[in-house]
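What follows is calculated from the coordinates using simple rules that are stated; it is not laboratory data. Predicted, not measured: the structure shown is a model, and the values here were computed from it. All Cβ positions, glycine included, derive from the backbone under ideal geometry; neighbour counts span all protein chains shown.
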Amino acid sequence: MAFVERSAGGLVLGPPKSKAGRRTVGIPRSIVPLLREHMETYVKDDPAALMFPGAKGGAIRRSGFNARTRWVDVVAEMGLSGLHFHDLRHTGDMLAAESGALKDLMARMGHDNVRAAMIYQHAVRGADRDAIDKQLARRDDDEDGGTAGALVPAG
């Protein structure tokens with residue numbers, strides 16, 4: 001399921017945009033202990049509980065994400081000013097593209113067609129590197145400060 005923030009202000013839980021959006025995504029073994037600790041501390045003992053809940057257990061809205069997580073301050077302290085949450089997805093997709101396996105990359109990204117996956121594969125091979133860098137530098141020119149996807153579980 002995926003959260004969609006309506007322009008009128010409400011959050012709606014519904015199916016992902018495509019069948020490919022419902023998937024299992026591999027994570028590095030090194031973060032599993034941290035995720036377990038997080039779950040014990042913050043996640044309700046309920047199969048429908050959110051992995052990253054808001055203060056009252058519900059979804060974190062895009063509008064409150066930066067304030068709740070202190071995102072801007074934290075990334076500045078790390079020397080990464082200007083990094084947006086959604087940039088992490090781009091980074092993960094670039095790293096996954098290095099394998100060269102198009103179908104695996106599509107599955108990880110949650111895409112039905114090859115277009116987006118091919119962009120990432122070309123980028124890691126050096127093709128269109130300048131165009132990709134310019135695109136990423138624009139940081140998702142949406143109005144939410146780059147936190148698009150912050151509310152969307154991968155499955």
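What the table below lists for this structure:
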read-out: Restricting segment 1-101 to trypsin sites (Lys or Arg not before Pro) in coil, as DSSP defines it, with at most 13 other Cβ within 10 Å; value: Arg6, Lys17, Lys44, Lys56, Arg70
read-out: Where GluC sites (Glu not before Pro) fall in DSSP loop in segment 30-101, at most 14 other Cβ within 10 Å; value: Glu98
read-out: In Hz, Karplus ³J(HN,Hα) per residue of segment 61-75 (6.51, -1.76, 1.60; θ = phi - 60°; x = Gly, Pro); value: 6, 3, 5, x, 4, 4, 5, 5, 8, 6, 3, 4, 5, 5, 5
read-out: Backbone N within segment 81-107 under 13 Å of label point (7 Å from Ala20 Cα along the Cβ vector); value: 102-107
read-out: Sequence-distant residues sharing a close amide H with Ala2 (under 5 Å, placed H); value: Gly14
read-out: Cleavage-rule hits (chymotrypsin sites (Phe, Trp or Tyr not before Pro)) in segment 51-113: DSSP loop, at most 13 neighbouring Cβ within 10 angstrom; value: none
read-out: Inter-part distance where segment 1-74 and segment 83-104 are each reduced to a Cα centre, Å; value: 19
